[in-house]
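Have a look at the structure below before the remarks.
The values are calculated or read from the model by the stated rules, or taken from the named source; none is laboratory data. Fair warning: this is a prediction, and the values are worked out from it, not measured in the lab. Note: ideal-geometry Cβ built from the backbone for every residue, glycine included; neighbour counts use all protein chains shown.
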Amino acid sequence: MGLVRRLARLAALLLLFFAAAHCGPSPASPIFIFCSPDSPRMQQAIEGLRAGLGGEKLEVVCVPELGGQGEEELRRLRRQGPRLLVVLGTPALLRVAPVEKSVPVVFGLVANPYFTGVVSDPEHPEIHQANITGVASPPPLDAALEQGAGLLGARSWGMLYDPNDGVAVELKDRFLKEAPAYGLRPLTVAANDAAADRRGLERLLHQGARVIYLPPAPSAARYAPLLLAWGRERRVMVVSGHPELHQGAILWVTLDYRRLGEETATLARWVLAGESPEKIPIAEKTPLKIEADEGLLRKWSGYPG
């Protein structure tokens, strides 16, 4: 009987061991990257994450901004009990933050985390949803204004914006507020479709805009080809803040998305090392890419301001 009891006790201990071994995420399990929407800038950030996280195994899931695929993929990832979820892009964070309250989350490529509900008070980024931390990266409009004013001098600048595009409206408000500090006269026109875009750009020229700023807003992609063609034709000087649209701009000032991926990886490493996301304040990072088109600068140099 003693032998039977010892065997039974050994079997119970083995069961407990295997149960413990399968409880929770394994240290060798992959880190999930949940992102939305996919784009060249997103892929640059993922490259930075891979570089910053070294030998970690990463599983990348990019989903469309709209539709049910995002919810389905997120449910699938959460069922696997990830040890860390890296979330890239505002649409992805808007899906994750309301439903994930326990798995550690590190976000990046989010211009305004306060809009997502992760942080309730912009004055206190150290107070945020307990399981979430990350990198906020607002569009570098101030850098574009500063660099443009230094390169092109004090001029009237125009900006076309779509009133139905929240990012564009926020940038328009910043543009009107910040441009005068650099000696620039800001002009804005609203347009909400392709026909209105052309009329709006013509109106900015008629009002005296010598430079037109192409913002990093979704709706700007609609009129960017026309505006950049005008830039190549020297109808107007274009300063582009759009990360993927700048051929024809005399100056390009955008975020360095690979660097942003590396910055996000730094926070991810802290969390993987055992630091609680709750104790890591939301960081604001705006690493820049700045390029001037020397050919266009030379062509414009003989033109009167």
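General remarks:
- Residue match in segment 244-256 (condition: under 20 Å from Arg50 (Cα atoms) and among the charged types (D, E, K, R)): yes
Residues are listed down the side, and each one gets a yes or a no for (1) part of a helix (DSSP H, G or I); (2) touching a residue at least 12 places away in the same chain (Cβ under 8 Å); (3) not β-branched (Val, Ile, Thr):
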{"position": "Gly158", "(1), (2), (3)": "no, yes, yes"}
{"position": "Glu170", "(1), (2), (3)": "yes, yes, yes"}
{"position": "Glu178", "(1), (2), (3)": "yes, yes, yes"}
{"position": "Ile212", "(1), (2), (3)": "no, yes, no"}
{"position": "Ala221", "(1), (2), (3)": "yes, yes, yes"}
{"position": "Val238", "(1), (2), (3)": "no, yes, no"}
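- Flag if Arg185 is in contact with a strand residue (DSSP E or B) (Cβ under 9 Å, 6 or more places away or on another chain), under 13 Å from Trp157 (Cβ atoms), in contact (Cβ under 8 Å) with a residue 12 or more places away in the chain and of a type in the set (Lys, Arg): yes
- Scanning segment 94-128 for residues that are out of contact with any Asp or Glu (no Cβ under 7 Å at 6 or more places or on another chain) and either without any contact (Cβ under 8 Å) to a residue 40 or more places away in the chain or on the phi > 0 side of the Ramachandran plot (or both) yields a count of 19.
- Annotation note: of Gly54, Gly48, Gly70, the sole residue that is more than 20 Å from the chain's Cα centre (by Cα) and closer than 20 Å to Thr264 by Cβ is Gly54.
- Single residue of Leu214, Leu296 found to be in contact with a strand residue (DSSP E or B) (Cβ under 6 Å, 6 or more places away or on another chain) and under 28 Å from Tyr161 (Cα atoms): Leu214
- Index of the failed condition, Ala143 passing every other in (1) more than 30 Å from Phe32 (Cβ to Cβ); (2) surrounded by 20 or more Cβ atoms within 10 Å (Cβ to Cβ); (3) under 17 Å from the mean Cα position of the chain (by Cα): (2)
- Failed item in (1) in contact with a helix residue (DSSP H, G or I) (Cβ under 9 Å, 6 or more places away or on another chain); (2) acidic (Asp, Glu); (3) not in a strand (DSSP E or B), with Asp121 passing the rest: (1)
- Pairs, first in the same structural domain as Ala268 (by TED's automatic domain parsing) in segment 56-84, second of a type in the set (Lys, Arg) and not in a loop (DSSP other than H, G, I, E, B), C-beta under 7 Å, six or more apart: Leu58/Arg50; Gly70/Arg95; Glu71/Arg95; Leu74/Arg95
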